[in-house]
Amino acid sequence: VQLQASGGGLVQAGGSLKISCASSGRPFSNNAVGWFRQAPGKEREFVATISWSGGVTDYADSVKGRFTISRDRTKNTVSLQMNSLKPEDTAVYYCAAARSSYGSRGLNDYTAWGQGTQVTVSS
């Protein structure tokens, strides 16, 4: 599985942005998928995850209520809708396929990391 994140950009604080993750290799329809982010000088951190069916989701406390993760199994894509963006959301966002059907918050539970997409929120 090889993943590619896209859709990043520059947005003002309070604005919205939707980023997407697609597989360029075999489908990841049986894997959970997670979004993580890494700001300059900081460690990569968990943002959100969605199960293989889309029925189970989990979010970091810092984005709960503002971000929504979803997946389209027919198109083999996973998206992250980000609303009410804050300058502290600025980071490179990465998607990754989990080793199992249900994701977790742990980076080590994920494989097949995709190339990230930059999200910049101006104040």
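Of the peptides 28-38, 46-56, 98-108, the order by per-residue mean of other Cβ atoms within 10 Å, starting with the highest, comes out as 28-38, 46-56, 98-108. For the chain, the carbon plus sulfur part of the accessible surface works out to 46%, probe radius 1.4 Å. Solvent-accessible area of Ser84, all protein chains in place: 60 Å² (probe radius 1.4 Å, heavy atoms, ligands and nucleic acids excluded).
Accessible surface calculations at 1.4 Å, restricted to protein heavy atoms, place region 1-120 at 49 Å² per residue.
Is the shape of region 25-73 rounded, prolate or oblate, going by the alpha carbon gyration tensor and its root eigenvalues a ≥ b ≥ c, with a/c under 1.5 for rounded and a/b larger than b/c for prolate? It is oblate, given that a/c is not under 1.5 and a/b is not larger than b/c.
Placing +1 on each Lys and Arg Cβ and -1 on each Asp and Glu Cβ, with no other charges, gives region 31-123 a dipole about its Cα centre of roughly 180 debye. Of all lysines in the structure, the ones whose alpha carbon falls short of 22 Å from that of Lys42, not counting any fewer than 8 places away in one chain, are Lys64, Lys86. Extension gain, Asp72 to Ser101: 0.36 nm times the residue separation minus the Cα-Cα distance gives 8.9 nm.
Here the chain carries DSSP beta bridges of which approximately 90% are antiparallel, counting only pairs with both residues inside.
The values are calculated or read from the model by the stated rules, or taken from the named source; none is laboratory data. Given the structure is predicted, the values throughout are model-derived calculations rather than measurements. Positions of Cβ are generated from backbone atoms using ideal geometry, with glycine treated the same way; all protein chains shown enter the neighbour counts. Quick note on the areas: whole protein, heavy atoms, side chains included, nothing else; ligands and nucleic acids left out. Shrake-Rupley method; radii C 1.70, N 1.55, O 1.52, S 1.80 Å.
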